[in-house]
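S.K.: Sharing a structure below in structure tokens format, with a few things to ask.
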Amino acid sequence: MQRSMPLNGDDSAAYAMRQIDPDVVAAYPITPQTELMQNFAQFHADGDVRTELITVESEHSAMSACVGASAAGGRVMTATSSQGLALMWEILYIAASYRLPIAMNVINRALSGPINIHCDHSDSMGSRDTGWLQIYGENPQEAYDNTIQAVRIAEHMDLRLPVMCMQDGFITSHAVERVDMLEDEVVQEFVGEFEPQYPLLDLENPVTYGPLDLYDYFFEHKMQQIDAMSRAEKVVREIGKEYEKISGRSYQMLETFGMEDAETAVIVLSSTAGTTRSTVKDLREQGKKVGMVKIRCFRPFPTDELIDVLKGVKVVGTLDRSDGLGAYGAPLFNETRNTLYDEDEKPDVVDYVFGLGGRDIGKREITDVYSQLEKIASTGEVERRISYLGVRE
């Protein structure tokens with residue numbers, strides 16, 4: 001049994017956190033994440049959760065509190081955006097290297113400067129190699145569903161790694177849509193009781209966290225973390241299948257639309273998938289063989305699955321909402337091109353950076369992208385490998 005409510009992305013993530021009822025939540029406000037934690041704090045004030053809510057003095061302190069609480073043996077969650085995520089930077093690595101299953105919502109917002117409170121992916125893309133899994137949501141429904149799944153994924157015994165759930169600031173976080181929610185007891189049964197591993201508070205089996213680890217063992221300990229990440233794809237798929245049984249909603253590493261016979265395709269993250277999907281529908285009605293791939297899980301990157309869905313495609317365009325300053329192309333472009341590098345038959349890949357600082361992208365711009373991809377497919381010539389959509393030049 002599910003019930004539907006009009007919720008924005010912040011509300012839906014907070015509602016999921018209420019149903020999960022974690023042991024500890026550390027909170028610090030930052031736009032556009034503030035409403036999420038504000039709502040959860042209201043649940044706490046109303047006695048709807050048993051959570052120990054810690055209101056700290058900074059995001060660095062928030063993640064530090066999460067590390068301590070998780071190491072002590074608690075189920076731990078938090079949320080942040082932009083500069084807040086950047087302020088957590090050093091502690092993100094510590095949480096992942098200590099194999100602490102923390103779940104965190106990240107409401108994507110541009111990194112300063114100049115100061116900007118609107119969406120791009122520079123914050124989460126900057127943290128993509130910290131050792132956290134990264135799951136991107138398209139709408140408030142996915143923000144809700146991903147938050148619940150993140151807890152199970154992080155705590156899986158083959159993994160024990162922290163998970164970030166991303167959604168687009170204001171575009172998703174403050175836009176109201178219908179969200180189908182599970183009953184509280186169903187969520188509680190799905191996440192289950194938390195089983196801590198090597199908790200600091202187990203006085204019968206004392207452990208040490210944070211020792212000095214030099215070249216004689218550091219590499220081997222890193223390999224354990226790397227091996228765990230290599231198992232993450234399997235875990236994400238398993239949890240997605242379990243979640244489908246209780247919700248009716250299917251979740252994989254990526255999602256495709258119109259890819260069965262596509263000759264050109266766009267790869268995208270988060271809310272822009274909705275606009276792209278609508279554009280594909282329009283172009284399909286005109287007889288164009290176009291498709292879309294929405295990457296849901298960016299870390300780990302779905303390498304084998306992406307190779308499979310792009311077979312037969314002539315040209316691929318990646319839509320990046322952040323730039324790889326000083327690199328040849330932005331993150332999604334680099335991951336895609338690198339994935340395809342060793343394939344004997346592979347599509348050409350071009351990059352389109354868009355939406356920095358929250359600049360809007362519409363069907364017109366995405367239609368232009370498909371037109372350019374079609375031209376490349378017919379001529380075999382790439383005039384510009386990396387383009388910037390909607391910028392005044």
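S.K.: Just to confirm the number: angle between the C-alpha axis of helix 232-247 and the first principal axis of the chain, 0 to 90 degrees, nearest 10?
M.R.: Around 80 degrees separate the two axes.
S.K.: Tally Lys/Arg at +1 and Asp/Glu at -1 over every other residue whose Cβ is under 15 Å from the Cβ of residue 74; what's the total?
M.R.: Local net charge: -3.
S.K.: For segment 82-175, report the % of Cα-Cα distances exceeding 15 Å.
M.R.: Details: 2533 of 4371 pairs.
That fraction is 58 percent.
S.K.: If Lys and Arg each add +1 and Asp and Glu each add -1, what is the summed charge of the other residues whose beta carbon sits under 13 Å from the beta carbon of residue 332? Please report the intermediate quantities before stating the final value.
M.R.: Numbers: positive: 128, 294, 296, 299, 321, 337; negative: 120, 320, 323, 335, 351.
Net of charged neighbours comes to +1.
S.K.: Extension gain residue 382-residue 56, at 0.36 nm per residue separation less the Cα-Cα distance, in nm?
M.R.: Here the answer is 112.3 nm.
S.K.: Right, here's the next one. If the cut-off is a Cα-Cα distance under 29 Å, which lysines reach residue 363, setting aside same-chain residues fewer than 8 apart in sequence?
M.R.: Straight-line reach from residue 363, under 29 Å: 281, 288, 289, 294, 311, 314, 346, 375.
S.K.: I would also like to ask the following. Applying 1/(1 + (r/R0)^6) with R0 = 22 Å to the Cβ-Cβ distance of residue 281 and residue 250, what FRET efficiency is obtained, to the nearest 0.05?
M.R.: 0.65
S.K.: In what sequence do 374, 177, 138, 57 fall when counting other Cβ within 10 Å, fewest first?
M.R.: 57, 177, 374, 138
S.K.: Still on this structure: By its C-alpha gyration tensor, with a ≥ b ≥ c as the square roots of the eigenvalues, how is segment 12-135 shaped: rounded for a/c under 1.5, else prolate for a/b larger than b/c, else oblate?
M.R.: Taking the square roots of the gyration eigenvalues as a ≥ b ≥ c, segment 12-135 is oblate.
S.K.: Between rounded, prolate and oblate, where does the chain land on the alpha carbon gyration tensor, with a ≥ b ≥ c its root eigenvalues, rounded for a/c under 1.5, else prolate if a/b exceeds b/c?
M.R.: Here the chain falls in the prolate category.
S.K.: Using Cβ counts within 10 Å as a stand-in for footprinting exposure, how do 247, 124 rank, fewest first?
M.R.: Listed from fewest to most nearby Cβ atoms, that is 247, 124.
S.K.: Please compute the length gained on full extension between residue 158 and residue 392, using 0.36 nm multiplied by the number of residues separating them and subtracting their Cα-Cα distance.
M.R.: Result: 79.4 nm gained on full extension.
S.K.: Taking a spot 7 Å from the Cα of residue 242 along the direction of its beta carbon, which residues of segment 183-214 have an amide N less than 15 Å from it?
M.R.: Answer for segment 183-214: 186-196.
S.K.: Between residue 112 and residue 38, 0.36 nm times their residue separation minus their Cα-Cα distance comes to what?
M.R.: Between residue 112 and residue 38, full extension yields 24.3 nm more.
All of the numbers you see were taken from the coordinates with simple rules; none came from a lab. Keep in mind the model is a prediction, meaning the values are calculated, not measured. Glycine also receives a Cβ, built like all others from the backbone with ideal geometry; neighbour counts cover every protein chain displayed.
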